[in-house]
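What follows is a short report on a single structure.
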Amino acid sequence: MKILVCISNVPDTTAKITFTDNDTRLNKNGIQYIIGPYDDYALARGVELKEQSGGTLTVLHVGEADADPQIRKALAIGADDAIRVNADPLDSYFVAVQIADVAKQNNYDLILMGRESIDYNSGVVHGLVGEMLGIASYSPVMKLDIADGSATISREIDGGKEVLKAPLPLVLGCQEPIAEWKIPNMRGIMTARTKPLTVVEPVSVDEMTVPEKYFLPAPKGACKMIPASEAGTLIRLLQTEAKVL
Amino acid sequence: MSVLIYVELDNGSIKKTSLEAVAYGAKVAEKTGDKAVVLAIGKADASALEIAGNYGAVKVLHASDEKLSHENSLAYADALAQAAGQEGSKIIILSKSGLGDAMAARAAAKLKAGVVSGVTALPEINGSFKVTRGIFTGKAFATTELKSDVKILVIKKNVIEINEDDVAFANAVVETFSPQLRDADFKASVVNVEKANSELSLTEAQIIVSGGRGMKGPEHWQPLVDLAHALGAATGCSKPVSDLDWRPHHEHIGQTGIKVAPNLYIACGISGAIQHLAGVNGSKCIVVINKDPEAPFFKAADYGIVGDVFEILPKLTEAAKNL
Ligand SMILES: Cc1cc2nc3c(=O)[nH]c(=O)nc-3n(C[C@H](O)[C@H](O)[C@H](O)COP(=O)(O)OP(=O)(O)OC[C@H]3O[C@@H](n4cnc5c(N)ncnc54)[C@H](O)[C@@H]3O)c2cc1C
């Protein structure tokens, strides 16, 4: 089985977000970058499935060279090789076109990624890629097993869960508890250095959406504290002051 | 030309979040001088669909083929793209949900459309077309210009204020819509569907009462459920609570769970870790009850009570019953 896992390179969940250049760019100063947390789940399950099936796992990232440490980490966790499409990822559509282009040349059985990146939170890349390749896409996948060319998928739907059996190839957006995150071991880190990381140039894409300006939410007003002994008055305040009851 | 709005159905009626999408779409149509047309897929009564007229739609396309009665994002996206073609829609609007994002993505690739998900306000349209969206899990916003000919917006809940009392009565015309179904969209077989049998879905609820590890165990959940019943609220929980199986996984709110945006979110015994906040920061009003005055959740709260949840919840329930 040939597996492709797509990873994003995003600021750590706890990063403080600020902007520079007249609020047109993210201030990367002091931010620690990580593999997208949902992509980490996809990678972990991808590695397990590769080990079970004896197949190959390629990791793909659309981004610039500053993401190479995260790509090496994915190689240390168990990917066999990596491809980086050398471009500043402008929007979901752009990223999806690059992924689909790589996928078209390689015929993967399974394309895994996180259900969303935690920077733009769009949750649309898997669907775009699926449609561009003319294959099915499902998200958010919480359990995934492969047997006889078919995937059994358990995924969240509004107010519940759904189990599907779908033939490969597939594009899946993953989330916990699909697998436990994997931490690279020493041997993995050493071998990752020698695994191939191919850098390719992007294919051109029409500009669809362009971020123009960033801003922070208005500062939150102080929290109104209510003494525990008068807890009941909260309900009245919610009705008359906050007007939410 | 028209603005096309996809509405999700629940037991044959249009979901509340989708009615917001209709109102949003109607406002956009007003700006562009188009008509607001709705697409509904699945089983529904015509009378339940006509209500879209109250929110500004002139027409509802209803695709009711038996094969579409089970939610299938692939076929639904196909139907959406075909409806956009039929209606000459350059702007397509969906509400943010798993289904909304999945359909938006696949339709965007079919129509070569730019797609922006997580839209938080009406677009600015004058020469260019710009929307605001939430990014970094609610920690910031971005103004984004859509340059493509066809534009797809996936809007968050509570983006538009609808006062139910002000809704004017005007029925929309309901027309049958029969998209061409492709076998490729039906290759998957559904093995099992488990729907929660709670009365209220978290994404639709206006009030949510949610509990964390401070609730101490599943056997202590009743005071929280009592308050939820008194307020007509849905119940939610933090991640450790669902990991420990105290509550079902689909009640788990946060970055890795469900993102909610109710009018009122009451957090009981939840510390307010960043990953939990990421799922609730769209709430209009946040109430935090925690015995630790230093709990980070108080920083995000509008109202707070420092104290033991087991003493405070019954007092709130009592007061809520007397509303
Ligand atoms: C990648 C990742 C993703 C995550 N995603 C999510 C997510 O989606 N959702 C989520 O919730 N978490 C998520 N987490 C976990 C998150 O970091 C926190 O661990 C979690 O939210 C803590 O849950 P809690 O507040 O219920 O428990 P705790 O942190 O244990 O807090 C319990 C709180 O209850 C209070 N308390 C105890 N007893 C009482 C009492 N009798 N009366 C009043 N107060 C009391 C305590 O003071 C404390 O503040 C994620 C973590 C990671 C690493």
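Here B:E311 meets each of (1) more than 11 Å from the ligand (Cβ to nearest atom); (2) over 23 Å from B:T203 (Cα atoms); (3) at the interface with chain A (Cβ under 9 Å from one of its Cβ atoms) with one exception, condition (1).
Per the listing B:D78, B:D34, the residue uniquely closer than 19 Å to B:L9 by Cβ and open to solvent by 10 Å² or more (accessible area, probe 1.4 Å) is B:D78.
Scanning the range B:111-141 for residues that are over 29 Å from B:A300 (Cβ atoms), hydrophobic (A, V, I, L, M, F, W, C) and at the interface with chain A (Cβ under 7 Å from one of its Cβ atoms) gives a single hit, B:V115. Annotation: A:G46 fulfils all but one of (1) at pLDDT 95 or above; (2) of a type outside the set (A, V, I, L, M, F, W, C); (3) open to solvent by 40 Å² or more (accessible area, probe 1.4 Å); the unmet one is (3).
Does the range B:296-308 hold any residues that are more than 29 Å from the chain's Cα centre (by Cα) and near the ligand (Cβ under 8 Å from one of its atoms), and which are they? B:G307, B:D308, listed by residue number. For the range B:253-264, filtered to residues that are more than 10 Å from chain A (Cβ to nearest Cβ) and either within 20 Å of A:V141 (Cα to Cα) or open to solvent by 20 Å² or more (accessible area, probe 1.4 Å) (or both), the residue that is farthest from the ligand (Cβ to nearest atom) is B:V260.
For the residues A:K143, A:K213, A:K220, the requirement of being assigned to a strand (DSSP E or B), within 8 Å of another protein chain (Cβ to nearest Cβ) and open to solvent by 20 Å² or more (accessible area, probe 1.4 Å) singles out A:K213.
Within the range B:4-24, can one find any residue that is within 19 Å of B:K96 (Cα to Cα), modelled with pLDDT of 95 or more and more than 19 Å from the chain's Cα centre (by Cα)? No, because not a single residue in the range B:4-24 is within 19 Å of B:K96 (Cα to Cα), modelled with pLDDT of 95 or more and more than 19 Å from the chain's Cα centre (by Cα). Evaluating B:V287 against the criteria (1) at pLDDT below 90; (2) more than 12 Å from the ligand (Cβ to nearest atom); (3) at the interface with another protein chain (Cβ under 8 Å from one of its Cβ atoms) leaves one unmet condition, (1). Of all residues in the range A:223-239, those satisfying the criterion of being assigned to a loop (DSSP other than H, G, I, E, B) and hydrophobic (A, V, I, L, M, F, W, C) are A:C223, A:I226, A:A231. Among the residues of the range A:94-140, the one identified as closer than 30 Å to A:I17 by Cα, open to solvent by less than 20 Å² (accessible area, probe 1.4 Å) and hydroxyl-bearing (S, T, Y) is A:S122. Within the range B:100-136, being outside any strand (DSSP E or B), open to solvent by less than 20 Å² (accessible area, probe 1.4 Å) and of a type outside the set (K, R) holds for B:G100, B:D101, B:M103, B:A104, B:A105, B:A107, B:A108, B:A109, B:A113, B:P123, B:F136.
Look at (1) within 26 Å of A:V129 (Cα to Cα); (2) assigned to a strand (DSSP E or B); (3) open to solvent by less than 10 Å² (accessible area, probe 1.4 Å); (4) among the hydrophobic types (A, V, I, L, M, F, W, C) and you find that B:I91 fails only one, number (3). Taking first residues from the range B:274-303 that are in contact (Cβ under 8 Å) with a residue 40 or more places away in the chain and closer than 16 Å to B:R213 by Cβ and partners that are within 13 Å of the ligand (Cβ to nearest atom) and acidic (D, E), the Cβ contacts under 6 Å between residues at least 6 apart in sequence or on separate chains come to B:K291/B:D308. Could you say whether any residue in the range B:153-174 is at pLDDT 95 or above, over 18 Å from the mean Cα position of the chain (by Cα) and not hydrophobic (A, V, I, L, M, F, W, C)? So far as the range B:153-174 goes, no, none of its residues is at pLDDT 95 or above, over 18 Å from the mean Cα position of the chain (by Cα) and not hydrophobic (A, V, I, L, M, F, W, C). Among the residues of the range B:47-87, those identified as assigned to a loop (DSSP other than H, G, I, E, B) and over 25 Å from B:V159 (Cβ atoms) are B:S64, B:D65, B:S69, B:H70, B:N72.
Taken together, the residues in the range B:184-243 that are more than 24 Å from the chain's Cα centre (by Cα), more than 13 Å from every other protein chain (Cβ to nearest Cβ) and either away from the ligand (no atom under 16 Å from the Cβ) or open to solvent by 30 Å² or more (accessible area, probe 1.4 Å) (or both) amount to 7. As for the range A:189-198, it holds no residue that is out of contact with any Leu (no Cβ under 9 Å at 6 or more places or on another chain), within 11 Å of chain B (Cβ to nearest Cβ) and over 29 Å from A:F94 (Cα atoms). Residues in the range A:212-245 that are among the aromatic types (F, W, Y) and at pLDDT below 95: 0 in all. Show the residue pairs that are 6+ apart or on different chains and have beta-carbon atoms under 8 Å apart, the first residue being within the range A:54-74 and in contact (Cβ under 8 Å) with a residue 24 or more places away in the chain, the second being among the β-branched types (V, I, T) and assigned to a loop (DSSP other than H, G, I, E, B). Taking only residues 6 or more apart or on different chains, the pairs are A:V59/A:I7; A:L60/A:I7; A:H61/A:I7; A:Q70/A:I7; A:I71/A:I7; A:A74/A:I7. Quickly run through the range A:47-79 and pick out the residues that are closer than 20 Å to A:T198 by Cα and among the small types (G, A, S). A:G55, A:G63, A:A65, A:A67, A:A74, A:A76, A:G78, A:A79, listed by residue number. Screening B:Q180 with (1) more than 13 Å from chain A (Cβ to nearest Cβ); (2) of a type in the set (S, T, N, Q); (3) open to solvent by 30 Å² or more (accessible area, probe 1.4 Å); (4) within 15 Å of the ligand (Cβ to nearest atom) gives one miss only, at (4). Screening B:I162, B:I155 for residues that are closer than 30 Å to B:A63 by Cα, touching a residue at least 12 places away in the same chain (Cβ under 8 Å) and surrounded by 22 or more Cβ atoms within 10 Å (Cβ to Cβ) leaves exactly one candidate, B:I155. Identification of strands (runs of 3 or more DSSP E) wholly contained in the range B:152-220 with 1 or more residues that are under 30 Å from B:V287 (Cα atoms) yields B:189-195, B:207-211.
Among the numbered conditions (1) within 11 Å of the ligand (Cβ to nearest atom); (2) part of a strand (DSSP E or B), the only one that B:G279 does not meet is (2).
The values are calculated or read from the model by the stated rules, or taken from the named source; none is laboratory data. None of the values given here were measured: they were computed from a predicted structure. All Cβ positions, glycine included, derive from the backbone under ideal geometry; neighbour counts span all protein chains shown. We work out accessible area using only protein heavy atoms, side chains counted, and drop any ligands, DNA or RNA first. Shrake-Rupley method; radii C 1.70, N 1.55, O 1.52, S 1.80 Å.
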